[in-house]
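The values are calculated or read from the model by the stated rules, or taken from the named source; none is laboratory data. Note that the structure is predicted; figures quoted are calculated from it, not measured. Because the Cβ atoms are built from the backbone with ideal geometry, glycine has one as well, and the counts that use them run over all protein chains shown. When the accessible area is computed, the model is the full protein with side chains, heavy atoms only, and any ligands, DNA or RNA have been set aside. Shrake-Rupley method; radii C 1.70, N 1.55, O 1.52, S 1.80 Å.
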Amino acid sequence: MSASLRCPGCRRRVRVPDGTDPARCRCSKCRTRLRSADDEAYSVFATAVAPDPHPTPSPAEPLSLDECEPITAVGAPTVELPPPFKVPARVVGRHPLFGPVTAVLTPFGLFLEREPNRPLAFAPVGTKALASGRALGLQLPTGQILVILPSRALATDAAAFLGAMRRVPDPADYDTPGWVFPSGLLLVLVLAAVAFVGGAALYLALRPPPVVEAPPPPDPPPPGPPTEPPPPPPPPPGPEEPPTHYDLAYRDGVTRLADGPAAVTALAVTPDGTETVVGYADGTTWAWKLDDPAFEPPRVGPKGVGPVRRIDFGPGAEFAYLTGDTGLTAVGFRAPRAAVLIPGRPACVVPDASAVRFAALRGDKLVVRYVAADLVRNPPAARVKGGVLTATTKDETLPSNTRPDVPAPGATFAAWHPAGKVVYGSPNGAVTAYPTGLEVVPLTRAHKAPVRAWAVGPVWPDFATGDEYGLVGVWPDKAQWPFTLQAGAVAVTGLAFSPCGGELAVADESGAVAVWNLPTRSKVFETVRRPPVVVAYSPRADVLLISNEKGVEVWSLVALSDGMWP
């Protein structure tokens with residue numbers, strides 16, 4: 001029985017005779033090639049991963065190539081697809097495809113292969129992709145994969161293509177300059193040039209001298225157009241752009257931010273990813289732009305009351321919330337005025353666009369309140385003492401449908417869970433949600449020691465907790481119960497999620513810093529620094545920030561995975 005195919009040009013059903021390669025046949029009506037030999041393996045692989053949602057049934061009897069009959073078209077007529085764009089690449093990290101691969105860009109998406117036309121992984125259009133330098137991070141259903149491409153421009157264009165923001169990259173845009181020849185071809189050209197010059201010299205030496213005749217008198221030249229002055233010479237090349245902190249980290253594996261006024265006690269990134277904020281033991285904060293030249297100084301940020309243990313931001317980064325040893329300091333982030341101190345520790349901020357909503361432990365009770373945002377924007381000057389306005393119960397309001405207080409003696413932490421509730425820890429390690437009814441039921445008893453470290457994903461709704469026995473609980477994507485990772489045997493002091501998801505950085509009391517792959521629950525990277533250590537991801541997922549006394553080290557995970565250890 002002959003195979004029946006659809007013409008990609010006129011959308012007619014045609015039949016291919018037995019024994020004939022469809023890649024060598026064309027439609028008898030519109031002369032469109034029925035199938036591209038290069039694209040066949042990739043289209044089959046893409047169809048297996050994401051089948052056609054609108055399959056078209058084949059006719060009862062296949063038609064001959066000479067008798068094409070129109071059929072009902074599904075969608076607009078297509079055109080002949082461009083050939084695959086293949087470039088050498090490399091998979092880094094702990095992915096099973098680690099090592100050299102070939103990246104194949106087609107209109108279906110991005111394929112990874114090691115043998116020609118045998119794809120091993122597929123990222124269709126619509127895959128979440130992030131480009132950073134030559135690195136292309138992909139979030140596949142099987143986990144995260146990091147691919148190193150030949151150029152920064154190709155990585156950026158591939159991420160935009162997978163995000164459906166541009167067409168598939170064209171090889172003509174990334175051609176190698178014509179003067180770059182392989183050594184063998186260059187040698188052949190040199191030998192041919194030498195032979196031509198030698199033959200021409202021998203011919204000129206042996207030929208008889210030509211007969212010289214007197215030339216006729218030249219005609220006067222016609223008047224020509226007025227000559228234009230020659231164009232000015234091109235300007236000299238300008239100086240190279242100074243390297244940024246990212247450039248230094250990618251080049252050397254690690255670089256370091258300048259020392260601050262005191263020991264580093266907190267690290268955070270603004271919601272828009274433009275600044276990295278460092279908190280110090282004296283209450284000050286500095287804001288760095290890691291993509292600015294490395295010699296640029298930081299911007300001095302708002303000041304808190306006491307050591308800054310944690311930094312959070314309100315909607316649009318209008319307010320910064322600095323958690324300290326005596327309470328929560330709310331202050332304008334880019335235009336700071338007097339700070340508003342909300343007593344209570346531990347304390348946390350609850351996301352709210354219209355007010356400053358918080359949860360804090362006061363005595364043996366956990367309370368949830370909010371203060372008006374105008375109190376932070378325009379604090380009354382008469383109540384400000386030493387640049388700080390301390391909020392009182394008259395400034396606070398109890399939210400509707402909220403219990404006035406909850407007994408929580410010795411609570412070790414309070415945090416906002418992405419599932420939409422306040423959670424707190426007990427001295428026995430139990431993690432409990434702020435109750436809406438009379439009964440208080442712990443969410444989990446996976447921890448057997450007090451929990452003091454916690455983190456919330458900057459993009460994905462993930463949550464993590466760490467106790468004093470080195471156990472980490474991970475609550476993925478608003479989950480009600482966590483899975484656990486045994487990160488070490490001492491207290492966990494810091495946790496940070498990767499901006500792309502799939503990774504968690506863990507710091508403990510001994511100074512050990514490790515990066516864990518959450519889908520595989522395996523350790524990817526580990527180093528030991530002088531304790532105490534604060535850890536955070538930069539706005540780029542492949543750069544990790546680790547405190548170093550008064551300074552901050554900027555680590556390139558891509559360079560370290562390639563063996564470029566400092």
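Side notes on the structure shown:
- Taken over segment 476-527, the residue count meeting the criterion of being of a type in the set (A, V, I, L, M), surrounded by 20 or more Cβ atoms within 10 Å (Cβ to Cβ) and outside any strand (DSSP E or B) is 2.
- Filtered residue count, segment 310-350, keeping only those that are among the hydrophobic types (A, V, I, L, M, F, W, C), in contact (Cβ under 8 Å) with a residue 24 or more places away in the chain and in a loop (DSSP other than H, G, I, E, B): 2
Yes or no, residue by residue, for (1) open to solvent by 30 Å² or more (accessible area, probe 1.4 Å); (2) more than 18 Å from HIS95 (Cβ to Cβ); (3) in contact with a helix residue (DSSP H, G or I) (Cβ under 8 Å, 6 or more places away or on another chain):
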position: PRO116; (1), (2), (3): yes, yes, no
position: ALA123; (1), (2), (3): no, no, yes
position: ALA129; (1), (2), (3): yes, no, yes
position: LEU138; (1), (2), (3): no, no, yes
position: THR142; (1), (2), (3): yes, no, no
position: ALA159; (1), (2), (3): no, no, no
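- Selection status of VAL350, within 23 Å of LEU267 (Cβ to Cβ), modelled with pLDDT under 90 and under 30 Å from the mean Cα position of the chain (by Cα): yes
- Contacts under 6 angstrom Cβ, first residue in segment 242-257 being more than 14 Å from SER132 (Cα to Cα), partner of a type in the set (D, E, K, R), 6 or more apart: VAL254/GLU553; ARG256/GLU553
Residues are listed down the side, and each one gets a yes or a no for (1) open to solvent by less than 80 Å² (accessible area, probe 1.4 Å); (2) farther than 24 Å from VAL406 by Cα; (3) in contact with a His (Cβ under 7 Å, 6 or more places away or on another chain); (4) part of a loop (DSSP other than H, G, I, E, B):
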| residue | (1), (2), (3), (4) |
| --- | --- |
| ASP282 | yes, yes, no, yes |
| VAL308 | yes, yes, no, yes |
| ASP352 | yes, no, no, yes |
| LEU361 | yes, no, no, no |
| VAL368 | yes, no, no, no |
| VAL376 | yes, yes, no, no |
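- Exactly one residue among VAL513, VAL533, VAL554 is of a type in the set (A, V, I, L, M, F, W, C) and touching a His at 6+ places or on another chain (Cβ under 9 Å), and that residue is VAL554.
Quick grid of which residues meet (1) out of contact with any strand residue (DSSP E or B) (no Cβ under 7 Å at 6 or more places or on another chain); (2) modelled with pLDDT under 95:
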residue: ASP508; (1), (2): no, no
residue: VAL515; (1), (2): no, yes
residue: VAL524; (1), (2): no, yes
residue: ARG529; (1), (2): no, yes
residue: VAL534; (1), (2): no, no
residue: ARG540; (1), (2): no, yes
residue: SER547; (1), (2): no, no
residue: LEU557; (1), (2): no, yes
residue: GLY563; (1), (2): yes, yes
